[in-house]
1. Among the residues in the stretch B:237-246, are any of a type in the set (A, V, I, L, M, F, W, C), more than 23 Å from the chain's Cα centre (by Cα) and in the same structural domain as B:V152 (by TED's automatic domain parsing)?
2. Would the stretch A:10-19 turn up any residue that is in contact with a His (Cβ under 9 Å, 6 or more places away or on another chain) and at pLDDT below 95?
3. Among the residues of the stretch B:447-468, which ones are aromatic (F, W, Y), outside any loop (DSSP other than H, G, I, E, B) and either at positive phi or in contact with a helix residue (DSSP H, G or I) (Cβ under 9 Å, 6 or more places away or on another chain) (or both)?
4. Could you list, in sequence order, the residues of the stretch B:82-97 that are within 14 Å of chain A (Cβ to nearest Cβ) and free of Cβ contacts under 8 Å to residues at least 40 places away in the same chain?
5. For the stretch B:62-72, state whether one or more residues are assigned to a loop (DSSP other than H, G, I, E, B) and at pLDDT 95 or above.
6. For the stretch A:67-80, which positions are within 14 Å of chain B (Cβ to nearest Cβ) and buried (at least 19 other Cβ atoms within 10 Å of the Cβ)?
7. Within the group B:A313, B:A331, B:A303, which residue is touching an Asp or Glu at 6+ places or on another chain (Cβ under 8 Å) and either polar (S, T, N, Q) or part of a helix (DSSP H, G or I) (or both)?
Amino acid sequence: MSERIKEHPILGVQEKGELVKFTFDGKEIEGYEGEPIAAALKAAGVMVHRYTQKEHKPRGIFCAIGRCTDCVMVVNGEPNVRTCITPLAAGMDVRTQYGVSDQPFDEQ
Amino acid sequence: MKRYDLIIVGAGPSGLSAGIEAAKRGLKVAIFDENEKPGGQLFKQIHKFFGSKEHRAKVRGFVIGQQLLDEADEAGVEVVLNATVIGLYQDKEVVVKRGNEIEHFKGNAIVIATGAAENMVTFPGWTLPGVIGAGAAQTMMNLHGVLPGKKVLMLGSGNVGLVVSFQLEQCGCEVVALVDAAPRVGGYGVHAAKVARTGVPFYLSHTIVKAEGEECVTGVTIAEVDSKFQFIPGTEKHFDVDTICLAVGLSPMSQLLKMAGCKMEDNPKRGGQVPICDEYGRTSLPGVFVAGDVSGIEEASSAMIEGRMAGIAAAEYLGYIEKKDLDTELAALDLALDGLRQGMFAPKNRGKAIEQTEEGIAISQNLLLHGYVADEEIDRFPGVTHRSGVHPVIECTQNIPCNPCQDACKKGCISIGANITSLPIAVEGADCINCGMCVASCSGQAIFLVDEDCGDGTATVTLPYEFLPLPEEGTKGKGLGRDGKVICDAEVVSVKSLKAFDKTSLLTMRVPKEYATKARFFKAV
């Protein structure tokens, strides 16, 4: 499971926004306001962001700078949101994306 | 439609540098950057840069980034963030996407400073969560403070692979292997050495067979490749990892230039599709300039100089300065740039197998194959001498343009000379006062202070230490050789962290004196 870096030998303790709550697939998690959604998910140990449309294969962070779209999820009902560059806000509803939907494939 | 004298695309080191030079000469400048924060890749670079004082050597990348931002602010450059330039059209019209809006701007001159994107290699399992670009690891660790993983395999031994491997270790990740299909380490020997001495094994002439796991990476298999890069049966090696980092090269993001009609070429030495431009960044389109990695993969120090050149050239193009001033300024910058483009890793030497240093000393083959200089090779180099009392041992064994060590010593113990690619020499007869400044100032972490014989059967070795937790005085542990293997017992004599050392702590360990010339890292047990 992944973690946050508490103190870095060169960067010290990094400034973060306020600790807020949001939900991932309906489950409440905490993250820092303003950090990328993907960072909060990684810190919580989430690896899979979505499953591909055709073969239902898992995908997660790859480039982390908003260029590859591997990390996209359904955020507040909107699909294809690049979680690695979208800032976290309190109360956000983040869901695993199945194809382009938040419904698991057998329910689509 | 808003018009600017100069529109720059990309607020990385080259774009910011171009903006600063242009704005200082009176141009109205806007820089558009698609990211939330400016600085390009600079803010992810936590290591000290190389070069000389004028190249901002010894300064950490993110500090240089902040310096550039402050200068840009002072010069009145407008930096527009979260603004993706999606088109460069006729008559230098720039189309920008901000949020869900499209805006049009006109520039009297344009500088494209969009940098480069990471390459990928594919292998079975490469799409699994856990396979990330090396840049992604940097972004996660250094910008967001999140661990990319616990056990990592790094693919790629160029400077990015080497530097990011060290950064991963600095935040507590275990790098289980550093792998490259090439037969030789691609990046600086000193970067490889600082990784190897912590115990990371190098596997040259190897590459990934497959990544394993169902929902995410749980393991990886590598195997040796022959001279035609075909797998050699029976050489498979397996590692349990949760992360695989790909550091397999960069490609210029030159699409805007191609779209605008610039003459382009496919140049493998420059990284791929690049605009054809002169040495000051002028493309085939009048008024359109380029700077930085987009015109050829190099590094941040040269990107900054190229940016400055492009900014000044744009100022002359628009009549803000005279041609004679342009020529003087560009000549000076050219000298600075040329100073960086020397030595073993100079663009002109790319692809060449260099056997000897400029001084005629045989390059350490072990360094190229395994990431560390072998015990029997180290004495060849002029930085390595033996004498009584504490003295600097400079294990810098390749010609790269870099000289902070010379300036660091107030007693003249280290000499490089006017040619900054020369190997540093440990000056005979110089009086070392054990201040530690050389150890802390070496961006390659290649300098040690050694007292080979304390008189009681022990020796002391002072090494640069950039990890947490800092061991306490008296801590007993092990001394590791250059190869990262445990070779002796060691005890911490002192750990010094002075402001002047800029976050490089100096760890002094006591080892049996027969290991004075071998022990180069400390591990607590």
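The values are calculated or read from the model by the stated rules, or taken from the named source; none is laboratory data. Note that the coordinates shown come from a computational prediction; the quantities given were computed from them, not determined experimentally. Virtual Cβ from ideal backbone geometry, glycine too; neighbours counted across all protein chains shown.
1. As a first pass, look at the stretch B:237-246 and keep what is of a type in the set (A, V, I, L, M, F, W, C): B:239, B:241, B:244-246.
Filter once more, so that each one left must be more than 23 Å from the chain's Cα centre (by Cα): B:239, B:241.
With in the same structural domain as B:V152 (by TED's automatic domain parsing) added as a condition, the list becomes B:239, B:241.
Yes, the stretch B:237-246 contains a residue that is of a type in the set (A, V, I, L, M, F, W, C), more than 23 Å from the chain's Cα centre (by Cα) and in the same structural domain as B:V152 (by TED's automatic domain parsing).
2. Narrowing the stretch A:10-19 to residues in contact with a His (Cβ under 9 Å, 6 or more places away or on another chain): A:10, A:14.
This time we only want the ones that are at pLDDT below 95, so: A:14.
Looking through the stretch A:10-19, at least one residue is in contact with a His (Cβ under 9 Å, 6 or more places away or on another chain) and at pLDDT below 95.
3. Correct list: B:F448 only.
4. Correct list: B:I86, B:K97.
5. Pass one, the stretch B:62-72, residues assigned to a loop (DSSP other than H, G, I, E, B): none.
No, every residue in the stretch B:62-72 fails to be assigned to a loop (DSSP other than H, G, I, E, B) and at pLDDT 95 or above.
6. Here is the first cut: in the stretch A:67-80, the residues within 14 Å of chain B (Cβ to nearest Cβ) are A:67-73, A:78, A:80.
Of everything in the stretch A:67-80, those that are within 14 Å of chain B (Cβ to nearest Cβ) and buried (at least 19 other Cβ atoms within 10 Å of the Cβ) turn out to be A:C68, A:D70, A:C71, A:V72, A:M73.
7. Details: B:A313 fails: touching an Asp or Glu at 6+ places or on another chain (Cβ under 8 Å); B:A331 fails: touching an Asp or Glu at 6+ places or on another chain (Cβ under 8 Å).
So the residue among B:A313, B:A331, B:A303 that is touching an Asp or Glu at 6+ places or on another chain (Cβ under 8 Å) and either polar (S, T, N, Q) or part of a helix (DSSP H, G or I) (or both) is B:A303.
Residue-by-condition table, conditions (1) outside any loop (DSSP other than H, G, I, E, B); (2) in contact with a strand residue (DSSP E or B) (Cβ under 6 Å, 6 or more places away or on another chain); (3) at positive phi:
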site: B:A430; (1), (2), (3): no, no, no
site: B:C435; (1), (2), (3): no, no, no
site: B:V439; (1), (2), (3): yes, yes, no
site: B:Q445; (1), (2), (3): no, yes, yes
site: B:L470; (1), (2), (3): no, yes, no
site: B:K478; (1), (2), (3): yes, yes, no
site: B:R482; (1), (2), (3): no, no, no
